[in-house]
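The values are calculated or read from the model by the stated rules, or taken from the named source; none is laboratory data. Given the structure is predicted, the values throughout are model-derived calculations rather than measurements. Every residue, glycine as well, gets a Cβ built from its backbone with ideal geometry; the counts of neighbours run over all protein chains shown.
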Amino acid sequence: MTLDWTTRFSARAAGMTASEIRELLKLLDRPDVVSFAGGIPDPELFPADAVANAYERVLTSNERKLAALQYSVSEGYGPLRAHLAEGAGVGVENVLVTNGSQQGLDFIGKLFVGPGDRVLVTSPTYLGALQAFSPYEPAYDVVAMDEEGPLPDALEARLAAKPRFFYLVPDFQNPTGITVSLARREAIVALCARHGVPIVEDAAYTRLRYDGQDLPSLLELDRARAAGEGGFDAAGNVLYLGTFSKTLVPALRVGWVVAPADPLRRLVLIKQASDLHTSTINQMVALEVAMTTLDRQIPRLRAVYRERRDAMLAALSRHMPAGVSWSRPEGGMFVWLTLPAAVDGARLLARCVEGARVAFVPGAAFFPDRSGTNTIRLSFSLAKPEVAAPAIGRLAEAVGALAQ
């Protein structure tokens, strides 16, 4: 008898779908297709020598080499946690090291969300967050955005329904590239605290700013607010997700969560049951490379990615037909296009891959209700100007043909 495995899967497993972005990354193996799909760093910019040297130093150190290869505590490597805590302005007890910030999203979903619980996200939002939360069967509420971020009146109306948390990417958002203004950040922190709704701040792209001034994180604003109410552990309302994947290398899989003590302790228990701990040697290497190389690495990344962003924006201005608009991000990796209403992003992708030899992510993937069909996301992180400009021209031709 052949077992029908689908009869054995849980209800949450039945609802799982493949990441459209992960699937599109397979197009990177097609040399004839220019891919604007994956929001991934350029491997040519990785500090590979610094990483290799750090591994060598760890493995030849009498003090560290045995500990580097052993099981370790779930909270994370102590010196790395201390380094991250100092940067965040919190105590070591407020930091949990995770296997990338994506694992932090999954743990937060597991901690806070049950079937039917409301989760508030922006419209659109990061697809990876939807994938992390959806197995726990939430009901999504959405809040609209403009070029300054979530609209305060719309946010307050949604907060009245008491969602389990409000998730957002305030800096150079994936997928739109929007950065939440200081005034909106202050309003978001105040509104969420007043309504008793935690904020999940995804800070994956914060260091990748090319224009304008750095803005305080929601965590920083919340710590200042909580200081007058007993401190971060007693009154903090933000769970902050950080990562080295965009600034050092993704393969180390070192991310972190900063949170008040009570949710942090429960996240540690989830970590223990999930994978015991993040690779100790990778944590040691991440700390060493961060302390010795990151200050030189960030300006290098900014210079290259700024040039690629500018080249993409210039090509869009030259080639896109009337009726197409796009974001102009101050940093990050993404430009968001709104197409004429008649142009479906998924249909456009199918046409472009085979005809124009260009790939991107259809925008519907970033909406919980699969709306936004006339939007697409372009990533410029791998888009060298000499290759990107003609590809944008071909994409524009395809848009114009479908818009007729």
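Before we move on, is Ala203 within 20 Å of the chain's Cα centre (by Cα), within 25 Å of Trp326 (Cβ to Cβ) and of a type in the set (A, V, I, L, M)? Let's see the steps before the verdict.
On the way: within 20 Å of the chain's Cα centre (by Cα): yes; within 25 Å of Trp326 (Cβ to Cβ): yes; of a type in the set (A, V, I, L, M): yes.
Here the answer is yes, as Ala203 does meet what is asked.
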In the range 42-71, residue surrounded by the most Cβ atoms within 10 Å (Cβ to Cβ) [restricted to those that are under 30 Å from Ala396 (Cα atoms) and of a type outside the set (Asp, Glu)]: Leu45
Residue that is nearest to the chain's Cα centre (by Cα) [pool: residues in the range 298-325 that are over 30 Å from Val249 (Cα atoms) and surrounded by 17 or more Cβ atoms within 10 Å (Cβ to Cβ)]: Val324
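Would you point out which residue out of Pro362, Pro390, Pro385 is closer than 30 Å to Ala139 by Cβ and either surrounded by 21 or more Cβ atoms within 10 Å (Cβ to Cβ) or not hydroxyl-bearing (Ser, Thr, Tyr) (or both)? Don't jump to the end; show me each part of the working.
Numbers: Pro390 fails: closer than 30 Å to Ala139 by Cβ; Pro385 fails: closer than 30 Å to Ala139 by Cβ.
Step by step, each of Pro362, Pro390, Pro385 is checked, and only Pro362 is closer than 30 Å to Ala139 by Cβ and either surrounded by 21 or more Cβ atoms within 10 Å (Cβ to Cβ) or not hydroxyl-bearing (Ser, Thr, Tyr) (or both).
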Breaking point among (1) modelled with pLDDT of 95 or more; (2) assigned to a loop (DSSP other than H, G, I, E, B); (3) not hydroxyl-bearing (Ser, Thr, Tyr), for Gly372: (1)
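Here is a yes/no grid of residues against (1) within 24 Å of Arg207 (Cβ to Cβ); (2) at pLDDT 95 or above; (3) among the small types (Gly, Ala, Ser); (4) out of contact with any helix residue (DSSP H, G or I) (no Cβ under 9 Å at 6 or more places or on another chain):
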{"residue": "Val119", "(1), (2), (3), (4)": "no, yes, no, no"}
{"residue": "Pro124", "(1), (2), (3), (4)": "yes, yes, no, no"}
{"residue": "Ala129", "(1), (2), (3), (4)": "yes, yes, yes, no"}
{"residue": "Asp141", "(1), (2), (3), (4)": "no, yes, no, no"}
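Scan the range 326-352 for residues that are part of a helix (DSSP H, G or I) and crowded, with 20+ Cβ neighbours inside 10 Å and report the count.
In the first step, residues of the range 326-352 are kept if they are part of a helix (DSSP H, G or I); the result is 345-352.
Checking the rest, the ones that are also crowded, with 20+ Cβ neighbours inside 10 Å come to 345, 348-349, 352.
Number of matching residues: 4.
Looking at Gly109, Gly76, Gly104, Gly39 in this structure, which one is outside the structural domain of Ile178 (by TED's automatic domain parsing) and either crowded, with 23+ Cβ neighbours inside 10 Å or of a type in the set (Ser, Thr, Tyr) (or both)? Talk me through it step by step, then tell me what you get.
On the way: Gly109 fails: outside the structural domain of Ile178 (by TED's automatic domain parsing); Gly76 fails: outside the structural domain of Ile178 (by TED's automatic domain parsing); Gly104 fails: outside the structural domain of Ile178 (by TED's automatic domain parsing).
Within the list Gly109, Gly76, Gly104, Gly39, the selection yields Gly39.
For every residue, the table says whether it meets (1) of a type outside the set (D, E, K, R); (2) at pLDDT below 95; (3) over 30 Å from Val335 (Cβ atoms).
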site: Arg12; (1), (2), (3): no, yes, yes
site: Thr17; (1), (2), (3): yes, yes, no
site: Ile21; (1), (2), (3): yes, yes, no
site: Asp29; (1), (2), (3): no, yes, no
site: Val51; (1), (2), (3): yes, no, no
site: Ser72; (1), (2), (3): yes, no, yes
site: Glu75; (1), (2), (3): no, no, yes
site: Glu86; (1), (2), (3): no, no, yes
site: Asn99; (1), (2), (3): yes, no, no
Residues located in the range 275-296, provided they are under 21 Å from the mean Cα position of the chain (by Cα) and either surrounded by fewer than 20 Cβ atoms within 10 Å (Cβ to Cβ) or not in a helix (DSSP H, G or I) (or both): Thr278, Leu294
The range 129-161, residues that are surrounded by 21 or more Cβ atoms within 10 Å (Cβ to Cβ) and not basic (Lys, Arg): Ala129, Leu130, Gln131, Ala132, Phe133, Pro138, Val143, Met145, Gly149, Pro150, Leu155
Where Val254 falls short, out of the listed (1) touching a Phe, Trp or Tyr at 6+ places or on another chain (Cβ under 8 Å); (2) over 24 Å from Arg300 (Cβ atoms); (3) surrounded by 24 or more Cβ atoms within 10 Å (Cβ to Cβ): (2)
